[in-house]
Amino acid sequence: MRVIAACVVAALPLAALADDDWALLDKAAEAAVNLPLAATYMHQLGGELETFRLQRVVESGVVRERRESLDGMPREIVRVGNELTCYAPDAKSLNAAKLSAIKLFPALLPDNVEELAQGYQLARGGMDRVAQKDCQWLVLKPRDVAGRYTQRFCIDPQSALPLKVVTATAKGEVVEQFAFTELQLQPPKDKSQLKPRYKQSLALGKVGGVQQGMQPMHDIKGLPSGFRMVRFVNRPLPGHEKAVQHYVFSDGFAKVSLFVEAASGEGVNQSSATAANGIGVASRQSGDMLLTVVGDLPEAGLQSVLKNIRLTAR
C-alpha cells in the first residue's frame with residue numbers, strides 16, 4: 001500500500017507539470033502573434049539560410065508588423081491585424097515573398113494549441129539560451145513517431161515568446177529551424193520602419209484559420225489523428241487537361257495537400273520522395289483517379305496517408 005501511495009503522490013506533480021506545459025504553450029501562441037518587438041531572426045530550411053528583420057507594434061488594439069529579408073531576394077511581408085500583404089521590387093521577388101509568408105516566425109503555433117494534443121504529446125526539456133535570453137524547451141513529440149516530425153520550442157519564461165523553433169526527424173536530424181539573433185521586447189522607436197519600401201504588392205488575405213472555397217467533391221477518410229480540412233478548391237493546373245481537386249489538411253502544425261485527378265490510361269505504381277527541406281510527395285492510382293499527397297511529413301508519414309486515405313463521392 002505504501003508503494004502504491006508513493007507512486008500516486010509522485011504522479012501528481014507530473015500531471016500538474018503537463019498541464020502547466022500546455023498552458024505555457026498556449027501563452028507562447030498568443031505572445032508569438034501579438035507581442036510588440038523589434039528583432040532579427042534566421043531561418044534555416046534544408047541547406048538554405050536566410051535572415052529577416054521583424055518590427056511589430058500594437059496600436060488601438062490592432063497589431064501592425066513588417067518583416068523584410070536581409071539577404072536573398074528583396075521582399076517584405078506586412079501584417080495589419082489578420083491581413084497579409086507582400087511587397088517586392090519585381091514579380092520574381094514577389095513570388096518569393098508569398099512563399100516566405102507560409103510560415104511567419106515566431107507565429108507558428110495554431111490559435112488553439114489543444115488541437116495539437118490529438119497528434120502530439122508535450123514534454124518539457126531543459127533550459128537553453130537564445131539571443132541573450134534564457135528559455136525553456138517544450139517538445140511536441142508525434143504520437144505516430146515515424147509519421148510526423150518532432151517540433152521543439154524554446155520559450156522565454158518571462159514573456160512566453162518562442163525564441164527558437166526546431167523541426168526534427170525521429171533521429172534528431174534538423175529539417176528546419178527559426179531562431180532570434182537579436183531581440184528587443186518593445187516596439188520600434190521609428191514607426192516609419194513599419195511602412196513598406198517597395199511598390200509592387202500582392203494581398204494574401206487573412207492569415208491562419210479555415211480558408212473559404214467551393215464545397216468539397218469528396219468526403220475524405222483515413223487521415224492521421226488530428227488532421228482536419230482547412231481548404232478545398234477545384235481548378236486547372238499547368239500540364240493537366242482537366243481540373244484538379246486540391247484539398248489541404250492541417251494538424252495545427254504540419255500541412256498536407258491532396259490532389260485528386262483523372263488517371264491516364266496506364267496504371268501508376270505507388271511512388272514517394274522527400275526533399276532536403278522536409279517536403280515530401282507520394283502518389284498512387286485508385287480506380288480511375290490519381291491521388292497525390294504533398295506535405296511537410298516524413299516519407300513514411302506520406303506513404304501512410306496515401307495508403308489509408310479513402311474518398312467517397314458526395
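One table, with the values for the structure above:
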read-out	value
Within region 182-208, tally of residues that are in contact (Cβ under 8 Å) with a residue 24 or more places away in the chain and assigned to a helix (DSSP H, G or I)	3
Conditions (1) touching a Phe, Trp or Tyr at 6+ places or on another chain (Cβ under 9 Å); (2) at pLDDT below 90; number of the one not met by residue 193	(1)
Test for residue 94: is it outside the structural domain of residue 280 (by TED's automatic domain parsing) and out of contact with any Cys (no Cβ under 8 Å at 6 or more places or on another chain)	no
Among (1) in a loop (DSSP other than H, G, I, E, B); (2) closer than 21 Å to residue 24 by Cβ - the single one residue 147 does not satisfy	(2)
Leading residue by the ranking (farthest from the chain's Cα centre (by Cα)) among those in region 77-99 that are of a type outside the set (Ser, Thr, Tyr) and in a strand (DSSP E or B)	88
Residue 57 touching an Asp or Glu at 6+ places or on another chain (Cβ under 9 Å) and within 21 Å of residue 142 (Cβ to Cβ)	no
Residues that are at pLDDT 80 or above and surrounded by fewer than 18 Cβ atoms within 10 Å (Cβ to Cβ), drawn from region 264-282	none
Candidates 179, 160, 170, filtered to the one that is in a strand (DSSP E or B) and among the small types (Gly, Ala, Ser)	179
Some residue of region 105-120 being of a type outside the set (Ser, Thr, Tyr) and free of Cβ contacts under 8 Å to residues at least 60 places away in the same chain	no
Count of region 44-66 residues which are at positive phi and either crowded, with 16+ Cβ neighbours inside 10 Å or in contact (Cβ under 8 Å) with a residue 60 or more places away in the chain (or both)	1
Filtered residue count, region 1-42, keeping only those that are under 20 Å from the mean Cα position of the chain (by Cα) and either of a type in the set (Ser, Thr, Tyr) or at pLDDT below 50 (or both)	2
Leading residue by the ranking (surrounded by the most Cβ atoms within 10 Å (Cβ to Cβ)) among those in region 300-314 that are of a type in the set (A, V, I, L, M, F, W, C) and more than 16 Å from residue 219 (Cα to Cα)	302
Residue count, region 143-183 (criterion: touching a helix residue (DSSP H, G or I) at 6+ places or on another chain (Cβ under 6 Å), within 18 Å of residue 51 (Cβ to Cβ) and surrounded by fewer than 21 Cβ atoms within 10 Å (Cβ to Cβ))	0
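The values are calculated or read from the model by the stated rules, or taken from the named source; none is laboratory data. Just so it is clear, the structure is predicted and the values come from calculations on it, not from any experiment. Heads up, the Cβs are rebuilt from the backbone with ideal geometry, glycines too, and the neighbour counts pull from every protein chain shown.
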